[in-house]
Structure formats: C-alpha cells, structure tokens
Amino acid sequence: MVTSEQILVTGKQLDTLCINTIRTLAIDAVQQANSGHPGAPMGLAPVAYCLWQDFLRYDPADPTWINRDRFVLSNGHASMLLYAILHLAEVRQVDEHGQVTKELAVPMEEIKRFRQLGSRTPGHPESHLTSGVETTTGPLGQGVGNSLGMAIAGKWLAANFNRPGLEIFDYNVYAMCSDGDVMEGVGGEAASLAGHLKLSNLCWIYDNNRVTLDGPAAWSFSEDVATRFVGYEWNVTRVVDANDLEILARAFEVFRKTTDRPTLIIVDSHIGYGSPHKQDTSAAHGEPLGEEEVRLTKRFYGWPEDAKFLVPEGVRENFRDGIGKRGRELHARWSEVFADYSQKYPDLADQLHRMQRRELPAGWDKNLPTFPADPKGIATRDSGGKTLNALAQNIPWLIGGSADLATSNKTALKFDGAGEFQAGSYAGRNLHFGVREHVMGASVNGMVVSGIRAFGATFFNFSDYMRASIRLSALMEIPSIFIFTHDSIGLGEDGPTHQPIEQLASLRAMPNLIVLRPGDANEVVEAWKIIMQLKHSPAALVLTRQAIPTLDRTKYASASSVAKGAYVLADAPGGKPDVILMATGSELSLCVDAYEKLKAEGVKARVVSMPCWEIFEQQDAAYRESVLPASVTARVSVEMAATLGWDRYVGPKGRKIGMHSFGASAPLKDLLRFFGFTADHVVAEARAAMLGS
Ligand SMILES: Cc1ncc(C[n+]2csc(CCOP(=O)(O)OP(=O)(O)O)c2C)c(N)n1
Ligand SMILES: [Mg+2]
C-alpha cells in the first residue's frame, strides 16, 4: 500500500498528483453521498487541471472580477469536478451583498456534504449557491447555451467599454461539455449562432468519451462532430488523449490564437479513468464506484487506498503557485488599468459598477410614455415596444432581440445609435437570435449573469420552446426578461398552432418567475417599471397582438397600482360589490364593458385587474382582502387561456370564463363570439355567480 508520504511531488508528477487529487475527491464525495457521477470528473480531471492551472485568467481571491475568464461546466452531472477545482484553487465565497469573504466557496466540509440538504455542493452546480459557479447547469445543453450569451456579453462589453490603450474587457469563455450537450438541440442552436457571430472568445471542450448514460454513445450518436462544427464555421481541434497535458496546452494555445471564430476542442477521454470497470463503455456510470472499486482505483493512481478526501502535501501549494499567483498578478495589472480608466471615464466606470450590482442608472424611468384614453386603443405589443425603446435610451445596458419576430414582437430598438449586433460589429444593442428560441433563452441568461439586462422575444406560444431556459433563470434568481406577444386566441387567423392556451397557467406554476399580462397601454408601462427593478427574479411579459382599449384613468383607478400585482379598477358604490369580475390583459376591458352593463341594470359590481398574480401574492393579507373581500363569493374570472389556477381567486362559488380546448383559425371577432369572450357572456356569468353564491 502506498502512503501519502510516498507520493512523489515534483515536476510532472506534481501535475499528476493534483489531477489524482481532483479524481479522488470526486470519487470519495460521490461514494460518501452514495449518489452522483464520478466517471466524468475522473476522465476530465487533467483537462480541467490544465485549463485552470495554466490558462484560465481567473483570480481565486476575487471571483467577481469583471474581466475574469468564465468557466462553464455544461455537463453539470460532473459537478464534483468543479467543486474539487474550486476547492483546490481556493476560490472565495461571495456574500449576498456581493462582497468577497475570506471563506472558501467550497471548503472541505462542503465536499464532504456533497448532495446534502443545505450544502453548497448540490448534485448539479447552482450559481446562486456557490461562488465560482458561473451558471447553473445540469439540464444538458443549457450550459453551452449560456456560454454563447457570456461570449456575446464579452464582445459587447469590449466594444462598448474599452477605450484606446485601456482594454477593460478581453475575457474568454470556456465551456466543458459532453455527448449530451452536443446531442441536445439547444447545443446545436448555440454552436450555429456562435459560429455565425464569429465569437472568437468562445471555446468549448467536448468530452468525447463515447459513452452516455444508457451505454455506448454509438447506440444513438454516430455523426461526425468535427465536420459538423467545421460546417458551423468553428475552428476545430482534437486532443487524442485527455491525459496528455502538453497536447491539451497546445489546443488551448490554438484557441487563444484564433481570432476569427469560436473553437471546439474535441478531447478523447476515458470515463472513469483508472477504475477497472467503469472504463467499460457499456457499463452504467451515473453511480458511485462502490467501496471495492474505490480501492482498486486508488491503487491504480498510486494513492493510499484507505485515505479519504486526501489532499496530499504540495497540492494546495501547487495551485497557489499556478492559478493563484497568475490570477492575482493578472487581476492586479488589470486593476491598475481600471483605476486609470475610472479616472478618465468615470461615467463608464460607474455604469460597470451598477451593472454588477444590478442597479439602474439615475433617470432610468424618465420619458416613459403615457397613453390617453382611447376606446379603440393600441395593442400591448405596441405600447410595450414604445416603453422598451424609452427605457433602453435611459439604460445603456438594456439590450436584446427576438427569435426572428422583432417586427411582430415590436422589440426592435429603433433610436439613433441602437445599432445591430453582428459578426465583427459587436457594439450594437439589437441582437438577432434567428429562429432559435431555446438558445435565445439560454443566451439571455448567459448575458444576464454577465451584468447585462438582456431580453429575448418571441410569440407566447413558443415560450414552450425555451421553457427549460426560463426555468433555469428562475432557479438561478437572475433578472432575465422574456417578452411574449400574440398572447391568446386573440391573434386570430394563424390558428391553434400559434394560439397559446396553457402557457399562462404553466408559467405561473414556475417558482420565482414574475408573469405579467397587463390590461392596457398604461398597465404595460407600469409592468415594465416592475420588470426593470427586479434583481433576483426573471419576468415574462405577455402582450397582445390585437389592439385593446386604453382605459380612461380619470374614470377608473390609476394604473400605478399594477405595482401591487392586482387592484380594484372599477368599484361598486361605497366599495360594497355584490359580484367581482376579474381579468388580465385583453379581457380587462371586456370586464369593464360588462361592469358598465351591470351598473346600468342596477347590479353592484367590481372590476379587479390582476396583471401579476405573483406580486399580488406578495402583498399583505389586509391588501389582498381589500381587493378580494372574502365576503363577496360571487366572482367571475375572464382570461383567454386555460382556467387552471383561477379557482384560487374565484373560489368554490365562482365562475371561470376561459379556454377549454385549442383555439381555431378565424378572424378575431368570430373567435371571440365562438369561444364566449363577449361582454354579454360576462354579464350572464356574473348573474349566475350571484344566484349561486
Ligand atoms: C436535458 C437532460 N436530459 C437528460 C439528462 C440526464 N443525464 C444526465 S447525464 C446524461 C448523459 C450522460 O452522457 P454524456 O452527456 O455523454 O456525459 P458523460 O456520462 O459521458 O459524462 C443524461 C442523459 C440531463 N441531465 N439533461
Ligand atoms: Mg459521454
């Protein structure tokens, strides 16, 4: 048996020692948790080691350094690889105020608590929990999708903030990925757009281990990945042995020298390297090795067989001398440049500070439009586009685009100087995602974790295509902005393939996502104000294609109460209604019409506008009771969508007008009549609710 003292610690052997430390930490943590994936960290340890130790421009003492190279572990199931590296590189934890602490992001106790409740080492890396984790990964394809956004952000920041002789931004983005990432559609979308945009600051490291969970990758995957990426106009290079540090280094150098396109490094590796059985590519590998195999594997590494969570002497020192020292020096040199920059360009430096804290510039809400009462009104996509354009002129880092529907979504930034973000001209604020909804979502998230307030837009129905990315933004607690127009059957002739039904209910079911469906143009402005002030929640802004009336706010309540999520728009005399009508979006004016009819008939009704359920739920009980008094049980909800969820507000005696089937292709007015979205129907349901209550 080998003891730790017997392990030689010089030269290449020191590298091997460090690599095997990463491997055995992963093995031991997975074994102790009795769950997780040890195989990928074992195979990839040399690659991660080489990158971090010799190439990554990263200061472990300050993981918030804005010009740090980004490292994304897109194959998030290999989380122990990242945790081991963060531990050994001694990356610091950042507190909730953004201050770097003396504490390690991943101390040894946390490695020992891998996958346990409340640990900073969850099964898959979560960026809001663990400093140094740049983005949350696990759903394959998302991390590489995020890396696209990070690379876009890097180019955009450089183009907008660098000044002659003062290069504040020149960071690179490295994403490690697996067969799954390369198989997933979103990974293909990301590669396609990155190649088109010639993002030379982007490097993917593909773990070509020829195995996936079920068995050999060849069971389901036989394309030539290199040729595919050459077709995407990437620079493709190959490392035939993941253990060959020299060839790996050469590949990273090739990436650094490539200035006109992204780089894919295909690394042939062996999953579970060193374990007698896990290298069998047909063996299941998403599980611990088992005590016996742990021993055999450690023996293969020349490791003390009984040692657990061993970090041999010299390992930490080696990381300090490598990434630690190099990162500190690079950061110090950058800080000197930045000090000079801050003197010469205090406004720009101030912007960067605000971006990092997710703060807004002074005057961010000036010149926002107000819309006069107008019975014919305006589509909320139009009022939304006008508001967005006003905000973007006040907030220089509000940028984004659409998945090829900017003209329909009304999301183009049209003011002077807005510009287009295109290959080689990276200062523009209009992004063109092409017909790639999923990676639009993932890359918006990547931009947002880079300090930019990014938005992405498409038809509401296609929110499904990007749902996995929306979900991750909510989990990551980041303020991504998703704009969805054509929000109901109200879009008309395009028909049921394009008409969302269940999307509102399903997005409302997502924790931490703020879903806003404003009911007229002035509610749109208020909704946008809410969105811009979010720091830890993403928003979905849901807007109409069709014109809807702009309500007369001298007659009805002010739209400013949108800030409370829901509010009394029109009330019965003395605030004592017999029936409550509630709606969002385009159905709000329908309720107002019904309210006027009921009023003329002597019925005491109230209209409640409910543009945002989540924010309404955050209000205190007294406010909620003042809007929806428990004593009034005759209630009607109206929404051109699945009714799931409205029970909560209409109660057991209430009535729900909504959609119970897919829509249909027809002119809007025919659809409204056919599916019962008329003021008369609302009146009838109100009377039925009053009888039943
Ligand atoms: C979107 C998504 N689908 C399925 C999974 C479950 N899963 C985890 S790892 C994996 C495949 C593993 O194969 P590969 O990507 O080649 O990684 P390796 O095991 O080689 O590290 C799968 C299907 C997932 N994490 N994400
Ligand atoms: Mg694989």
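With respect to the chain, whose longest principal axis is taken over its alpha-carbon atoms, helix 588-600 is tilted by about 20°. Across the chain, C-alpha contacts under 8 Å between residues 6 or more apart give a mean separation that, scaled by the residue count, equals a relative contact order of 12 percent.
Placing pseudo-labels 7 Å out from each Cα toward the beta carbon at T64 and H196 gives an inter-label distance of 3.6 nm. Excluding same-chain neighbours fewer than eight residues apart, the lysines reachable from K112 by a Cα-Cα span under 30 Å are K12, K102, K278, K298, K308, K325. Across the stretch 353-369, rounded Karplus estimates of 3J(HN,Hα) from the backbone phi angles (6.51 cos²θ - 1.76 cosθ + 1.60, θ = phi - 60°) give 4, 5, 4, 5, 8, 6, 9, 9, x, 4, x, 4, 10, 7, 6, 6, x Hz, Gly and Pro being marked x.
Close amide H contacts of A547 (hydrogens built in the peptide plane, cut-off under 5 Å, sequence separation of 5 or more or a different chain): A379. For the chain, find the longest principal axis of its Cα atoms and tell me its angle to the long axis of helix 142-161, 0 to 90°, nearest 10. Taking Cα atoms only, the helix is inclined about 90 degrees. Our summary of shape: the Cα atoms of the stretch 428-474 have principal axis extents of 27, 23, 13 Å, ordered from largest down, in whole angstrom. Averaging 1/r over each pair of different alpha-carbon atoms in the stretch 1-142 and inverting the result gives 15.4 Å, the Kirkwood hydrodynamic radius. Each Cα pair of the chain feeds into the Kirkwood radius, which the Stokes-Einstein equation turns, at 37 °C and 0.692 mPa s, into a diffusion coefficient of 122 µm²/s. Any idea how far the Cα center of the stretch 42-119 sits from the one of the stretch 351-417, in Å? Going from one Cα centre to the other spans 36 Å. Taking 19 Å as the straight-line reach from the Cα of K653, the lysines in range (excluding those fewer than 8 positions away in the same chain) are K576, K604.
With only alpha-carbon atoms in the gyration tensor, what are the semi-axes of the equivalent ellipsoid for the stretch 577-625, in Å, largest first? Kindly include the intermediate steps, with their values, before the conclusion.
Details: eigenvalues 107, 40, 4 Å².
That gives 23, 14, 4 Å for the three semi-axes.
Would you mind telling me the antiparallel percentage of the DSSP bridges in the stretch 512-655, rounded to 5?
20
Annotation: extensible slack from A666 through A418 equals 85.5 nm (criterion: 0.36 nm per residue apart, minus Cα-Cα distance). Around the amide H of V236, modelled in the peptide plane, lie the amide H atoms of L264, all under 5 Å away and 5 or more residues distant in sequence or on another chain. Binning the C-alpha pair distances of the stretch 70-221 at 5 Å intervals from 0 yields a P(r) profile of 2, 9, 16, 18, 17, 16, 12, 6, 3, 1, 0 %, listed from the shortest bin outward.
In terms of the Cα gyration tensor, with a ≥ b ≥ c the square roots of its eigenvalues, is the stretch 322-423 rounded because a/c is under 1.5, prolate because a/b exceeds b/c, or oblate?
Details: a/c = 3.43, a/b = 2.26, b/c = 1.52.
Because a/c hits 1.5 or more and a/b exceeds b/c, the stretch 322-423 counts as prolate.
For the stretch 486-544, the square roots a ≥ b ≥ c of the C-alpha gyration tensor eigenvalues yield an a/c of 1.5 or more together with a/b not exceeding b/c, which makes the shape oblate.
Once you sort the root eigenvalues of the Cα gyration tensor of the stretch 590-660 as a ≥ b ≥ c, which label holds: rounded (a/c under 1.5), prolate (a/b larger than b/c) or oblate (the other case)? Display every interim value, and only then the final one.
Numbers: a/c = 1.69, a/b = 1.19, b/c = 1.42.
Here the stretch 590-660 falls in the oblate category.
Quick one: angle between helix 291-301 and the longest Cα principal axis of the chain, in degrees between 0 and 90, rounded to 10, please. The answer is roughly 50 degrees.
Going by C-beta contacts inside 10 Å, put E329, E359, E126 in order with the fewest on the left. It would help to have the intermediate numbers written out before the result.
Working: E329 11, E359 14, E126 21.
In increasing order of surrounding Cβ atoms, one gets E329, E359, E126.
The slack in the chain from K325 to T678, taken as 0.36 nm per residue of separation less the alpha-carbon distance, amounts to 120.1 nm. Computed as a quarter of the hull surface, the mean projected area of the alpha carbon convex hull for the stretch 156-285 stands at 9.1 nm².
Determine the calculated [θ] at 222 nm for the chain from helices alone, applying -39500 (n - 2.57) to every DSSP H run no shorter than 4 residues and normalising by the residue count; nearest 500 deg cm²/dmol. Walk me through the numbers before you get to the answer.
Working: 25 runs with 268 residues, N = 693.
Result for the chain, helices only: -11500 deg cm²/dmol.
Taking other Cβ atoms within 10 Å as a rough exposure proxy, H196, H498 sort from fewest to most as H196, H498. In summary, the lysines within cross-link reach of K344, defined as a Cα separation below 25 angstrom excluding same-chain residues under 8 places away, comprise K155.
In nanometres, what is the gap between the two model label sites at D347 and A362, each 7 Å from Cα along Cα-to-Cβ? It is 1.2 nm.
If each residue's Cβ is checked for other Cβ atoms within 10 Å, how do T64, T297, T137 rank with the fewest at the top?
Working: T64 13, T297 25, T137 32.
Sorted ascending by nearby Cβ count, the order is T64, T297, T137.
Look at the alpha carbon pairs under 8 Å that are at least 6 residues apart: their mean separation over the length of the stretch 573-693 gives a relative contact order of 31 percent.
Taking 7 Å steps out from each Cα toward its Cβ at V337 and S558 produces label points 4.9 nm apart. Backbone geometry of the stretch 311-325 corresponds, through the Karplus equation with coefficients 6.51, -1.76 and 1.60 at θ = phi - 60°, to 3J(HN,Hα) couplings of 10, x, 3, x, 6, 4, 4, 4, 5, 4, 6, x, 4, x, 5 Hz, x marking Gly and Pro.
Where a number appears in this text, it was derived from the coordinates with a stated rule and is not lab data. Being a predicted model, the structure only gives us computed values, none of them experimental. Every residue, glycine among them, receives a Cβ derived from its backbone with ideal geometry; neighbour counts consider all protein chains shown.
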